[in-house]
Amino acid sequence: MKQLLEKLNYYRNFPRFQLERHFDVILIDYIPQIINYFNHTNYSVVFPEFPVRKKLLIPNNKSEWESVAFDYALFDKINKRIGIVELKTETESNDKIQDDYLSKLMVSVSCKDLIKFVRERKEYKKGDRKTRKYEFLYKEMDENECVNFFKDSEELILTYKISPHNLKLNNSSYYSFEKIANEVQISDKNWPLLCEYLKKWNKGL
């Protein structure tokens, strides 16, 4: 882990290197515990690059099958809530359009909307490569009991953002790398090392 994090720390200095695309694979196993710590939730299942029907976010969007991908979807089967998490690894990479999407998720998209889209999308264009991925996602959701728990839930989506220190993001659902590293305790041998790098990356380049 030390070697890998050191390589990421080095490569992030290159102009076109996107730390987020590599770091999120490491962070995914810790995401539920991080969000649970700050929110007293019980997220136990996480899926990466989770698709949400674009028409739910942009009502005049013509296609029923286009989607917007969010970094992580978390499922809390005890409280029957779904959380969407966006990860940023650069202070300058905040995206207003993406922030607007997150806001819309909280006020107009329900848990059952997310399940419905994946269920319907897996039946569209059978045999297509993208459809096979939706079939895989739905199977994993079903095996983790996420389909039955949330298919009828009218609860709205909760949203969270994780990034380096950013003065523009000053709300209860934003967590800086430094805040996470200083406050969250996780029983994992790699967690203290990971926290060292979260602190290094907290102020950006």
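The values are calculated or read from the model by the stated rules, or taken from the named source; none is laboratory data. Just so it is clear, the structure is predicted and the values come from calculations on it, not from any experiment. Note that we place each Cβ from the backbone using ideal geometry, even for glycine, and neighbour counts take in every protein chain shown.
How many of the residues in the stretch 52-69 are in contact with a Pro (Cβ under 8 Å, 6 or more places away or on another chain) and surrounded by 15 or more Cβ atoms within 10 Å (Cβ to Cβ)? Write out each step before concluding.
Residues of the stretch 52-69 in contact with a Pro (Cβ under 8 Å, 6 or more places away or on another chain): 67-69.
After this cut, where a residue has to be surrounded by 15 or more Cβ atoms within 10 Å (Cβ to Cβ) as well, the list is 67-68.
Residues meeting the conditions: 2.
Can you find a residue in the stretch 80-101 that is farther than 26 Å from residue 133 by Cα, at pLDDT 95 or above and touching a helix residue (DSSP H, G or I) at 6+ places or on another chain (Cβ under 9 Å)? No, that holds for no residue. Residue 65 satisfies every condition listed in (1) outside any helix (DSSP H, G or I); (2) out of contact with any helix residue (DSSP H, G or I) (no Cβ under 7 Å at 6 or more places or on another chain); (3) aromatic (Phe, Trp, Tyr) except (2).
Of all residues in the stretch 93-106, those satisfying the criterion of being in a helix (DSSP H, G or I) and out of contact with any Leu (no Cβ under 7 Å at 6 or more places or on another chain) are 93, 96, 97, 98, 99, 100, 102, 103, 105.
Can you tell me which residue in the stretch 1-28 is nearest to residue 90 (Cα to Cα), limited to those that are among the acidic types (Asp, Glu) and modelled with pLDDT under 95? It comes out as 20.
Tally time: how many residues in the stretch 25-36 are part of a helix (DSSP H, G or I), surrounded by fewer than 18 Cβ atoms within 10 Å (Cβ to Cβ) and in contact with a Phe, Trp or Tyr (Cβ under 9 Å, 6 or more places away or on another chain)?
Initial filter on the stretch 25-36 (part of a helix (DSSP H, G or I)): 25-27, 31-36.
Okay, now just the ones that are also surrounded by fewer than 18 Cβ atoms within 10 Å (Cβ to Cβ), so 25-26, 33, 36.
Checking the rest, the ones that are also in contact with a Phe, Trp or Tyr (Cβ under 9 Å, 6 or more places away or on another chain) come to 33, 36.
Final tally of qualifying residues: 2.
Entry remark, the stretch 3-20: residues being outside any loop (DSSP other than H, G, I, E, B) and surrounded by 11 or more Cβ atoms within 10 Å (Cβ to Cβ) number 9 in total. The residues in the stretch 72-101 that are of a type in the set (D, E, K, R) and buried (at least 20 other Cβ atoms within 10 Å of the Cβ) can be counted, and the count is 4.
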